[in-house]
Amino acid sequence: MKVAYARVSSVGQNLDSQIASLKEYGCTKIFQEKFSGTSTKGRDKLKECLEFVREGDELVITRVDRAARSVLDLQLIVKELSEKGVSLTATEQPISTKDATSKCFLDMLSVFSEFETNLRRERQMDGIKIAKEKGKFKGRVAKIDVKKIQDLKDEGLGATEIANQMGIDRTSVYRLLKQVKGVAA
């Protein structure tokens, strides 16, 4: 049986071209997911797909980076499929786990996929650093009202009472009071 896995990185992206390609290849069961490929963690449809395939099946993807963007993750997927007697094939790249040459090419592509991910992360961090230097990057907007915490503390409430009243964790109260104290000093 030809079983397929299609993935895009975010909800706003479209799976249509992958699904059309996989159907054209003859896939009868297609698992679809909209989730980042930087890790296999949290990718429930991938896990479901890997549990679904049986000996003699062929797992089909359009490109290697649809399955994994990490060399280790891809190797673990290939190992799991191998142990089950399932082959892996990409429709848009000349790779498969059916022969040694294709397997070698698969390994090389996984290295480049991880390299691309690491480069993107470095560029993002460089951009954040430059934005911070220009005063344009402030980070995430605070969701906890620090002034209210300070006011409750001034009224004589303890950290546990403040946390309960505000519906937050007590460690957040301690951390924010420490920050306020550091600013006031």
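Rule-based calculations on the coordinates, nothing more; no lab input. Not measured: the values here are computed from a predicted model. Please note: Cβ atoms are built from the backbone with ideal geometry, for glycine as well, and neighbour counts cover all protein chains shown.
Computed quantities for the displayed model
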read-out	value
Total formal charge among the other residues, if their Cβ is under 9 angstrom from that of I162, Lys/Arg +1 and Asp/Glu -1	+2
Rg to Rh, two decimals, where the stretch 72-125 supplies the alpha carbon set and Rh follows Kirkwood	1.07
Residue-count net charge about Q75 - beta-carbon cut-off 12 Å; Lys, Arg +1, Asp, Glu -1	-2
Cut-off 14 Å between beta-carbons: net charge of the residues surrounding Q124, Lys and Arg +1, Asp and Glu -1	+2
Share of Cα-Cα pairs in the chain lying beyond 19 Å, as whole percent	68
Theoretical ellipticity at 222 nm over the chain - DSSP helices of four or more residues, -39500 (n - 2.57) apiece, nearest 500	-17500 deg cm²/dmol
Overall form of the stretch 1-82 per C-alpha gyration tensor (a/c, 1.5; a/b vs b/c)	oblate
